[in-house]
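A.B. asks: Below you'll find the structure I mean.
No lab work stands behind these numbers, since they all come straight from the coordinates. Note that the structure is predicted; figures quoted are calculated from it, not measured. Because the Cβ atoms are built from the backbone with ideal geometry, glycine has one as well, and the counts that use them run over all protein chains shown.
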């Protein structure tokens, strides 16, 4: 790949896109003009509405068996609206704060109306009050229509009056008893003082709107250039011209990707500036009315810096995502249709950032879209944890790189251009067109991996939260069913894809040694990771031991047996066999192991799970069957279950220690490696014998 | 040795969706070998769907052949790499549209940069192309505003910018008026005389007859006859190219039926 060429192509793409009016409007006009216009417009409309509400005269009907006490009280309130009476009322009030407000009320006498409900319904009155004595005191009911803004407002006024009315009555009674009403009604005095700095208050205001707006504006900003440079270029017929040039497919796609990302970034910054301006304006408005500390903008510098990095990382991701979608479209219109679901997904996941109490945990930090929203939100209220920041940024970049590699793989300009275009996914083909047999194509496998992992992240963690252990079973079923659907739909050979082949006794014996060996090594690896990241490790152990609480057989079934079947079928079955059909066995093993590690979504467990994945792959490769690996996976998980449920029985053995000594480590690692070598030797011998036998046949 | 371009046993298989979800494989180009040398115009003739466009796309490395190879020899160097081959080819077809939001000059500047030309060198080249194709009046206008004839001239200028040794034109005169096609034909003649390799396809028999040094007749992805116009006439005993073509195609169809 030639960077100079990419620069030239990018320049061309940028020029082309910038001359498209739609993009420019999306990028400039909306943030710079529309947002402030909408905002100021909304501000004025709401001011107009609230002033109209204040000026309005609310009609209230009263029908109470209290010798017109309330009626008179309300009349008093009405007259209090005039300025001269205000001071009088405030003096007589216990609480003098409410006296600042004035209401325009019209009190209608009960006799005038026959059907209150109907009068309320057709707007003759805004509320009505009934009252009857009960247990020696008056009980009032306030009737109103919550669907009518005026009625709702009237109810609010009435409630306030009632509060004052009740206080007045108390005061009168206390006075009658000769007690100090003020001391009894207000035995203590209190006042609220906000210790949040003005930066924090502004940050929390911004944090509520900025992240979501940013995500949406980035999506909107990249959408049109993504469509224009892919589907648009194809529709206009200039792609074939590009193909006559001495450039590679990858140079073409990378230059397009960088262009889209650059435009996304520009439009995001236009949005930030515009929204920042509005927020500052809003803040100044409040600032002028109330007396708060001066704003120290420099405190926002870390937030701004991380925010910029986040926007950069996210724009890479969102550009890659939109391009993945639009590249399949043959026309502008088709691309628009394809992008709608993407938009919905982005908006919904972005919305997670709005849910109160959702914290940016390390797992959350890997959740697309939501992680960016939460990160910016946290930064704005000065909750800064640079480890999490790194995870969020890196995961965004990693996903983007993955998407672009995926895109440059499937974006074969020839098939896209000359109509030979299959989608590249057999999953989207008509089933009757597919040929029987073989293992799934990698494009389908990647799609299924992505889909499964997303489902496990969202649905799986929901299930787990709600149903605990049974939810884990649900996650396993997702792992089993989604890939199985692919295999069945695309008519693949189930035996070949999953490696459902008989294995001899020696394969199981070899597998047993491997299982013990990898378990011992994993103890060492885990203890290192615990030492490195004590907090995250404690977190993992906590959630794990919470799950372990239950019937031993059920726990064993969910934690050991189900993964041994479901995870093995997906990872060592579908993924490994599909990869092996295309790449070298060693590449397939490493890739499968890493995906298996990532799927567990824990940085602490990553080395251990990847090693586990690798050894299981190795067993499948050597024995040509998935069954020994299933057994090994079961043994490994069963060990863990036993250790965490009956850990106390193993206390102070090497298996269950808070801190491993060097001698322990050497013992475990030595024993582990010996077991692995024995297992490997047995499997190698078996493999050779099998090969000989096959030759003889 | 003269510059040359050679295709060997080119095959392109398309999978075609038919009714009732059945798929059949069709060889759009079915084992064509062809060689063109410098100073020669070779015309590809054939009915619609005979495989002309697919053949030319594979020759110009826009499309990967299902099997077979294309190689070129420039200044006694053999080149097989697709990207390197593209450097020496000027390809023009009805599907190679230009960027409407660019002016011709901007387009040529961009292309020159892609071909690795220096800016001053590119400007000189653009000035000379502008003169050759008399584009002075519209070179700075946006391409979307140009007339059909002007657009075609802009398209040709695109093929000239890197001074290619090989021109591959897919129906360059289709839908043009007499003056515009005459200009293109004149251009091809001049380039041939300058020692370039020219491969082009057309529907117009008379045009092919008086322009081409050699004709290649395609039918169903195969070469059914090849030779100078005179040789083909002699072989069939027909006087006009139109009749030669019909006779050869019909003869081939009959042979296939038996």
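A.B. asks: Using alpha-carbon positions, what is the distance between the centroids of region B:83-156 and region A:151-199, in Å?
C.D. replies: Computed from Cα coordinates, the inter-centre distance equals 82 Å.
A.B. asks: Which order do the peptides B:98-109, A:45-56 come out in when sorted by mean C-beta neighbours inside 10 angstrom, highest first?
C.D. replies: Highest-to-lowest ranking by the protection proxy: B:98-109, A:45-56.
A.B. asks: Using r as the Cβ-Cβ distance of residue B:48 and residue B:176, and R0 as 25 Å, what FRET efficiency do you calculate, to the nearest 0.05?
C.D. replies: That gives a FRET efficiency of 0.85.
A.B. asks: Angle check, please: helix A:83-92 long axis (alpha carbons) against the longest principal axis of chain A (alpha carbons), in degrees 0 to 90, nearest 10.
C.D. replies: 80 degrees
A.B. asks: Going by Cα centres, region A:361-398 and region B:188-258 are how many Å apart?
C.D. replies: That distance is 68 Å.
A.B. asks: In which sequence would B:61, A:502, B:73 go, from the one with the fewest C-beta neighbours within 10 Å to the one with the most?
C.D. replies: Taking fewest neighbouring Cβ atoms as first place, the list is A:502, B:73, B:61.
A.B. asks: Could you work out the relative contact order of chain A? I mean the mean sequence separation of Cα pairs under 8 Å and 6+ apart, divided by the number of residues, in percent.
C.D. replies: So the answer I get is 12 percent.
A.B. asks: For region A:495-696, just say rounded, prolate or oblate: build the C-alpha gyration tensor, square-root its eigenvalues into a ≥ b ≥ c, call rounded for a/c under 1.5, and beyond that prolate if a/b exceeds b/c, oblate if not.
C.D. replies: It is prolate, given that a/c is not under 1.5 and a/b is the larger ratio.
A.B. asks: Apply 1/(1 + (r/R0)^6) to the Cβ-Cβ distance of residue A:692 and residue A:433, taking R0 = 41 Å, and write down the FRET efficiency to the nearest 0.05.
C.D. replies: 0.50
A.B. asks: Would you please classify the overall shape of region B:76-187 from the alpha carbon gyration tensor, given that a ≥ b ≥ c denote the square roots of the eigenvalues, rounded means a/c under 1.5, and beyond that prolate means a/b larger than b/c while oblate covers the rest?
C.D. replies: oblate
A.B. asks: Would you please state the base-10 log of I(q)/I(0) at q = 0.05, 0.07, 0.08 1/Å for the protein assembly as shown, with intensities from the Debye formula using one equal scatterer on every alpha carbon?
C.D. replies: With one equal scatterer per Cα and no solvent, log10 I(q)/I(0) is -0.51, -0.86, -1.00.
A.B. asks: What is the gain in length, in nm to one decimal, between residue A:297 and residue A:148 on full extension, counting 0.36 nm per residue of separation less the C-alpha to C-alpha distance?
C.D. replies: Contour length minus Cα-Cα distance gives 49.3 nm.
A.B. asks: So, one more: Can you put A:408, B:120, A:586 in order, fewest other beta carbons within 10 Å first?
C.D. replies: B:120, A:586, A:408
A.B. asks: Among B:130, A:139, A:617, which comes first, second and so on when ranked by fewest other beta-carbon atoms within 10 Å?
C.D. replies: Ranked by crowding around the Cβ, least crowded first: A:139, B:130, A:617.
A.B. asks: Turning to a different aspect of this structure: Taking the Cα atoms only, what angle lies between the long axis of helix B:178-193 and the longest principal axis of chain B, rounded to 10 degrees?
C.D. replies: Once rounded, the angle reads 90 degrees.
A.B. asks: Against the longest alpha carbon principal axis of chain A, how many degrees, from 0 to 90 and to the nearest 10, is the axis of helix A:149-177 turned?
C.D. replies: Here the helix axis deviates by roughly 60 degrees.
A.B. asks: If you don't mind, there's one more thing I want to ask. For an R0 of 25 angstrom, estimate the FRET efficiency from the Cβ-Cβ distance between residue A:193 and residue A:72 and round to the nearest 0.05.
C.D. replies: Working from the Cβ atoms, E equals 0.05.
A.B. asks: In nm, what is the difference between 0.36 nm times the number of residues separating residue A:624 and residue A:351 and their Cα-Cα distance?
C.D. replies: Net length gain for the segment: 93.6 nm.
A.B. asks: Below 8 Å, C-alpha to C-alpha, sequence gap of six or more: please give me the relative contact order for region A:495-696 in percent.
C.D. replies: 42 percent
A.B. asks: If each DSSP helix of 4+ residues adds -39,500 (n - 2.57) and the sum is divided by the residues in chain A, what number results at 222 nm, nearest 500 deg cm²/dmol?
C.D. replies: -22000 deg cm²/dmol
A.B. asks: Obtain the nm distance between the two label points defined at residue A:502 and residue A:454 by a simple spin-label model: each point lies 7 Å from its Cα along the Cα-to-C-beta direction.
C.D. replies: Label-label distance for residue A:502 and residue A:454, simple model: 4.3 nm.
A.B. asks: Place a point 7 Å from the Cα of residue A:56 along the Cα-to-Cβ direction; which residues of region A:123-138 have their backbone N under 12 Å from it?
C.D. replies: Of the residues in region A:123-138, A:123-127 have backbone N under 12 Å from the label point off residue A:56.
A.B. asks: Moving on to the next point. Which whole-number percentage describes the relative contact order of region B:161-258, with Cα contacts under 8 Å and a sequence gap of 6 or more?
C.D. replies: 20 percent
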